[in-house]
Amino acid sequence: MALLLIRNNKDYEAWIDALHEADPSLEVLTPETVKDPNSVTMAVTWKAPNGSFEPYPNLKVIGSMGAGVDHLFNDPSLPKDVTLTRVVDEKLASDMEEFVLTLCLSHIKNLPLYRNLQDQTQWKPTQYKRVPDVQVGILGFGTLGQAVGQALQQTGFQVSGWSHSRKEIEGIKSYTQDELDDFLAQAEILVCLLPLTEETEGILNASLFSKLPKGAYLINVARGGHLVDADLIEALDKDHLSGAALDVFHTEPLPEDHPFWNRKDILITPHVASMSNAASVAPQIAENYRRMEKGEELKNTVSQKKGY
Ligand code: NDP
Ligand code: OXD
């Protein structure tokens, strides 16, 4: 019985080493090294090409190497009778906290503006905002959303979160689905940390932007599919939004001719908010492999029905 790794970039070495470190007895294969497809009972993957699971009839578990699982559901041939898992990891969460906190501070202290003014040799002191006066709304208040929310709150920001189910976190106001408009009305910085599903695709659109306070700032660290690109450009051109920081895009790498590249009010980062660290993540994969073999409940499972 074996664990199969499938990565779009075929970069396997760190993952094989980390999995062997976590459990030296684990047989770890890649599509190139599989001899008997029947021996593969679990696959762990990042953006596997569609159809990648078809050769393996005995797959019981398919895991994402990251927190997001939209790449799994993108494959129409994803088996329906397997258990899906994803990554929940402290390092992934703390890296996301640091990234979003940095973006929020950079925005309220006008650093992107000064970078642009420097290009024009301009000295132009501009009023900045103070942390306790700023309300940050987190769209998608799950594992990462809550970690980010608590880090922002500890720094002194006012924080609220929006999710399917209500959360009880001291000092943070939790809104549920039908309270979206109230949640948006006070979000001076809106952070998207939703999973990409049928329900959330295109949620960052003109209608949503119109419900944010004038001058709001958008941070999308979730998925490019959440954003309607043309609606963002329009909201910026109308000065309804003051700017955006985007880490994720419909097509990655962002195509060279995409209009986002030339905008001074958009900060582009190349999907680096938080990256799965093989050494940190391998133990939970090895543990799930053991649990699968013993017929025990797995950790960090994903609902095929909900899509996250
Ligand atoms: P979780 O599944 O833990 O959290 C998702 C949250 O979104 C939950 O609070 C859930 O509500 C809420 N939610 C889902 N659908 C809806 C909906 N239709 N309406 C309202 N709320 C909804 O995911 P994570 O926090 O671990 O990760 C979030 C995403 O971050 C990932 O899916 C991935 O796309 C992205 N990501 C990006 C990275 C980057 O580097 N840019 C790195 C890692 C992740 P409820 O709690 O009630 O179920
Ligand atoms: C993830 C990501 O989902 O890196 O983990 O985007």
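The values are calculated or read from the model by the stated rules, or taken from the named source; none is laboratory data. If you're wondering where the values come from, they're calculated on a predicted model, not measured in any experiment. Surface accessibility is based on the protein's heavy atoms, side chains included, excluding ligands, DNA and RNA. Shrake-Rupley method; radii C 1.70, N 1.55, O 1.52, S 1.80 Å.
Given the stretch 47-131 reduced to its alpha-carbon atoms as identical point scatterers, what log10 I(q)/I(0) does the Debye formula return at q = 0.13, 0.15, 0.18 Å⁻¹? Evaluating at q = 0.13, 0.15, 0.18 Å⁻¹ gives log10 I(q)/I(0) of -0.64, -0.70, -0.82. Excluding same-chain neighbours fewer than eight residues apart, the lysines reachable from Lys124 by a Cα-Cα span under 26 Å are Lys109, Lys214, Lys238, Lys264. Counting only DSSP H runs of at least 4 residues, each contributing -39500 (n - 2.57), and dividing by the residue count of the chain, the helix-based mean residue ellipticity at 222 nm comes to -9000 deg cm²/dmol.
Entry for the chain at q = 0.09, 0.14, 0.15, 0.16 Å⁻¹: log10 I(q)/I(0) = -0.50, -1.06, -1.17, -1.28, Debye formula applied to identical alpha-carbon scatterers, no solvent contribution. Take every Cα pair under 8 Å whose residues are at least 6 apart in sequence, average their separation, divide by the length of the stretch 1-134, and the relative contact order is 18 percent. Taking a straight line from the alpha carbon of Lys305, these lysines sit under 22 Å away, with near neighbours fewer than eight places off in the same chain left out: Lys47, Lys60, Lys80, Lys167.
Within the stretch 63-197, the percentage of alpha carbon pairs spaced more than 22 angstrom apart rounds to 48%.
Computed from backbone phi, the HN-Hα couplings of the stretch 294-299 come to 8, x, 8, 5, 8, 8 Hz, rounded to whole numbers (Karplus: 6.51 cos²θ - 1.76 cosθ + 1.60, θ = phi - 60°; Gly and Pro given as x). Give me log10 I(q)/I(0) at q = 0.16, 0.25 Å⁻¹ for the stretch 1-88, Debye formula, one equal scatterer per alpha-carbon, no solvent. Taken in order of the listed q values, log10 I(q)/I(0) reads -0.57, -1.49.
As a test, work out the antiparallel percent of DSSP beta bridges whose residues both lie in the chain, rounded to the nearest 5. Intermediate results must be reported in sequence, preceding the final value.
Details: 3 of 43 bridges.
Approximately 5 percent, going by the DSSP bridge assignments.
The apolar share of the surface of the chain, taken as the fraction of accessible area on carbon and sulfur atoms (1.4 Å probe, ligands and nucleic acids excluded), comes to 50 percent. Per residue, the chain exposes 50 Å² of accessible surface when a 1.4 Å probe is rolled over the protein heavy atoms with every protein chain present. Here, the stretch 98-151 has an Rg and a Dmax of 14.1, 43 Å when only alpha carbons are counted. Computed over the stretch 197-295, relative contact order equals 24 percent, with contacts defined as Cα pairs under 8 Å that lie 6+ residues apart.
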